[in-house]
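Student: What follows is a structure written as structure tokens; I'll ask about it next.
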Amino acid sequence: EKLSVVTYNATMTALEKGLQWQRALDLFDEMKYKNMPVTVVSYGSAISACEKGYQWRQCLEYLDEMTERKIPKNVIIFGAAMSCMEKSCRADIAFQLMDRMNLEGVRPNVHIYNSAISACARCKLWKKGFELFKEMDDVGIKRDVVTYNAVLDAVCSQVDLAKQIFHEGVERGFYAKVSRLGTQWLELDLHFLSLGGGETALRW
């Protein structure tokens with residue numbers, strides 16, 4: 001019995017989530033070899049598998065393939081590609097992908113910015129990370145706790161700036177378990193903090 005596209009997509013997703021990224025990509029190759037009608041979901045699973053295996057070049061090839069096949073890319077596709085660049089420490093390409101989104105008329109969301117800022121943290125580009133953090137206000141994208149953790153990872157070497165951002169995060173209720181009265185600590189829970197956030201909290 002022939003397997004359907006839906007079955008292939010579901011199996012690829014299961015393999016990718018199970019960290020069997022190579023098998024997921026092999027299955028994707030098999031779909032194309034059999035001339036099956038690959039969909040945006042198929043490409044999403046394949047690009048997510050690239051992230052697990054740090055296969056950033058393959059990820060870019062898949063994006064180009066989608067253009068060739070006239071399969072429109074959505075924010076989920078770009079989000080998976082951004083995560084791949086972040087994990088592969090290719091902040092330079094992450095920035096290019098944000099430009100590409102703009103050209104293709106896909107509006108970035110908070111996850112896109114979080115990945116870009118995290119990529120800056122991994123690549124020691126604190127100024128660019130902070131710039132993206134500020135840009136979110138300009139483009140009307142609401143920051144979340146992941147945003148604050150990412151930017152604190154990026155700027156933790158800049159002690160005063162990190163303290164300022166951390167204080168803003170506390171005021172916005174993202175670090176509800178971090179509080180103090182005068183000079184006395186009331187509570188310090190590092191569970192929701194990134195490494196940079198934790199370092200800043202301990203200095204705060």
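The values are calculated or read from the model by the stated rules, or taken from the named source; none is laboratory data. These numbers were taken from a predicted model, which means no experiment stands behind them. No Cβ is skipped: glycine too gets one built from the backbone with ideal geometry, and neighbour counts run over all protein chains shown. We work out accessible area using only protein heavy atoms, side chains counted, and drop any ligands, DNA or RNA first. Shrake-Rupley method; radii C 1.70, N 1.55, O 1.52, S 1.80 Å.
Student: Within the range 106-125, which residues are open to solvent by 70 Å² or more (accessible area, probe 1.4 Å) and either in a helix (DSSP H, G or I) or among the small types (Gly, Ala, Ser) (or both)?
Tutor: Selection gives His111, Arg122.
Student: Still on this structure, I have one more. As an exercise: evaluate Glu131 against (1) open to solvent by 60 Å² or more (accessible area, probe 1.4 Å); (2) modelled with pLDDT under 95; (3) among the acidic types (Asp, Glu) and give the number of the one condition it does not meet.
Tutor: (2)
Student: With the checklist (1) free of Cβ contacts under 8 Å to residues at least 24 places away in the same chain; (2) open to solvent by 60 Å² or more (accessible area, probe 1.4 Å); (3) not basic (Lys, Arg) in hand, flag the one item Val41 doesn't pass.
Tutor: (1)
Student: Name the helices (runs of 4 or more DSSP H) wholly within the range 1-92 that hold at least 2 residues that are closer than 28 Å to Leu125 by Cβ and not charged (D, E, K, R)?
Tutor: 40-52, 56-68, 75-87
Student: Which one is nearest to Glu171 (Cα to Cα), of the residues in the range 116-150 that are out of contact with any Gly (no Cβ under 7 Å at 6 or more places or on another chain) and hydroxyl-bearing (Ser, Thr, Tyr)?
Tutor: So, considering only residues that are out of contact with any Gly (no Cβ under 7 Å at 6 or more places or on another chain) and hydroxyl-bearing (Ser, Thr, Tyr), the one nearest to Glu171 (Cα to Cα) is Thr147.
Student: If you take just the helices (runs of 4 or more DSSP H) that sit entirely in the range 135-204, which of them hold at least 1 residues that are of a type in the set (S, T, N, Q), at pLDDT below 60 and surrounded by 12 or more Cβ atoms within 10 Å (Cβ to Cβ)?
Tutor: 195-203
Student: Counting only residues that are surrounded by fewer than 18 Cβ atoms within 10 Å (Cβ to Cβ), in contact with a Cys (Cβ under 8 Å, 6 or more places away or on another chain) and over 13 Å from Trp21 (Cα atoms), how many does the range 48-76 have?
Tutor: 0
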